[in-house]
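Here is the structure we will look at.
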Amino acid sequence: MSIPPPSGPHQPEGPNQSPRPPYGQEPLGLPAHPQGSYGPSAYQPWAQGYSPYNRPASVNGFAIASLALGVVCCVPGVGLVLGLVALRQIRRRGERGTGLAVGGSVLSGIGLALWALLLSTGSASDWEWFQQGARDGVTGSLVKGECFNAPDGELSGDTYGIDKVPCSGEHDGEVFASFSLEKGAYPGDDSVAGTADKRCYGLQDSYAMDTWAVPDDVDVYYLTPTELSWSGGDRKVICVFGNATEGRDLTGSLRKDETVLNAHQVAYLKAAHVLNTALESVPDTRYAEDDLPGHKAWAGRVSAALAEQRRLLRAHEWPAGAREPVAVLAGRLGKARERWAEAAKAPDVKTFYEYSGDGVRLIDPSQSITARKALGLDTTPPSDGGDTGSDDGDQGPGGGGGDVGMEV
């Protein structure tokens, strides 16, 4: 393209005028003066397109973003949309980046197809792990019996970078159970946490059947779906053992169930679990005088549990070395059952304290050490195992509090 010279009569060159260069050879960025001189001009420099030193067309920003999102593959829908927008803008504006936009669109399209497939097959939870794993090294969802380390060793707040490690060494957590929540709309953080808390605490005994073997500073934690992962089909709650003491880890597995215990150990622990469950059903009221009917009903449950525990112990065929200590224990449990049955019928608070106090002393955890030793079970009672929850040792459980805290 050429630009014609300005119209008008030809002006002869004066003696003081410099010869005018041929048209098109003027200095760049400085147009010729209408009178033929090179002084100040009212014209603006020519825009891009005339000079042989023009800058190349810029790369479309949407094209770059589309490729980046296509590679990350965490928001495939956005990457695909940005790629299509970029192609349209490139054609209209003459920009560069067609290859980037096409690549980003293709990768995002693949990611979107995978996302749709995972939703249709109910594997959205694994997709969440895959996404986070691409950034944080998560190798897959955790299952019962596996151990792991959490970011900064914290089993609280939002967590994504969980790494599986052998249970034989130090670790932050050990999975002891998992379950799925009901389908439907996200019930809210409080509801999910409440369900997880109740269910996980109830499931721990089926994994760590020997409660004496669980260290005192170990507590129950859980991993729950977030509102975002819920929308992708995630309903799984993972129940975890972790150390409640800051800065301390777990070492070795806490698993004590049918997979690692023999038949005699399992039989004894199942019988003990019956009583432990009844003891944990103590009323919330601290003193029996605040709710005597509630405490009497609790005493009735303990009495019934003692009868069942005694029956289970007598029904099993124990090995020779454990028969006598188990028989002695069963005899004490029978006497304890009688005291708790009397407490359940107590006409007043004083009578309740008298009989329940006797009942607590007869089921003191130390009374089962001999039988446990004969069966090869842990023989160190939990630190709160002998705590009757009372301010006065002669008063019984109702006199000092509702939490008996015994583990037999």
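Bear in mind that the values in this text are calculations on the coordinates, not laboratory data. All figures in this text were calculated on a predicted structure; none of them were measured in a lab. Because the Cβ atoms are built from the backbone with ideal geometry, glycine has one as well, and the counts that use them run over all protein chains shown.
In this simple spin-label model, placing a label point 7 Å from the Cα along the Cα-to-Cβ direction at both ASP290 and SER58 gives a separation of 7.1 nm. Counted by neighbouring Cβ atoms within 10 Å, the residues SER178, SER356 run from fewest to most as SER178, SER356. Could you work out how much longer the chain between LYS335 and LEU228 gets when fully extended? Use 0.36 nm per residue separation minus the Cα distance between them, nm to one decimal. Length gained between LYS335 and LEU228: 32.9 nm.
Around the amide H of ALA208, modelled in the peptide plane, lie the amide H atoms of LYS256, all under 5 Å away and 5 or more residues distant in sequence or on another chain.
Across the options CYS200, ALA150, GLY247, the greatest Cα extent toward the positive end of the charge dipole of segment 137-251 (unit charges at beta carbon of Lys, Arg, Asp, Glu) belongs to CYS200. Sequentially through segment 288-305, phi angles give Karplus couplings (6.51, -1.76, 1.60; θ = phi - 60°) of 5, 5, 7, 7, 4, x, x, 6, 5, 5, 5, 4, x, 5, 5, 4, 5, 5 Hz, Gly and Pro residues having no value and appearing as x. Taking amide H as placed 1.01 Å from N in the peptide plane, the amide H of SER178 sits under 5 Å from that of CYS239, each at least 5 places away or on another chain.
Among 272-284, 187-199, the peptide with the highest mean count of other Cβ atoms within 10 Å heads the list, and the full ranking is 272-284, 187-199. For LYS345, the lysines whose Cα falls under 20 Å of its own Cα, not counting residues fewer than eight places away in the same chain, are LYS296, LYS335.
Backbone geometry of segment 182-188 corresponds, through the Karplus equation with coefficients 6.51, -1.76 and 1.60 at θ = phi - 60°, to 3J(HN,Hα) couplings of 5, 6, x, 5, 4, x, x Hz, x marking Gly and Pro. For the pair VAL143 and ALA213, the difference between a 0.36 nm per residue extended length and the Cα-Cα distance amounts to 23.0 nm. Note that segment 268-276 has calculated 3J(HN,Hα) couplings of 5, 5, 5, 5, 5, 5, 4, 5, 4 Hz, one per residue in order, obtained from phi through the Karplus relation 6.51 cos²θ - 1.76 cosθ + 1.60 (θ = phi - 60°); glycine and proline are x. Assuming charge only on the beta carbon of Lys and Arg (+1) and of Asp and Glu (-1), the dipole of segment 137-251 about its Cα centre is about 600 debye to the nearest 20. The residues PHE148, PHE241, PHE179, when put in order of fewest to most other Cβ atoms within 10 Å, stand as PHE179, PHE148, PHE241. Our estimate of slack between ASP249 and ARG93, defined as 0.36 nm per intervening residue step minus the Cα-Cα distance, is 50.2 nm. Going from the residue with the fewest nearby Cβ atoms within 10 Å to the one with the most, LEU329, LEU292 rank LEU292, LEU329. Residues whose amide H comes within less than 5 Å of that of TYR222, counting only those at least five positions distant or on another chain, are VAL240 (H built at 1.01 Å from N in the peptide plane). With a cut-off of 19 Å, note down the residues of segment 214-250 whose backbone N falls inside the zone around a label point 7 Å from the Cα of ASP163 toward its beta carbon. Residues 243, 247-250 fall inside that zone.
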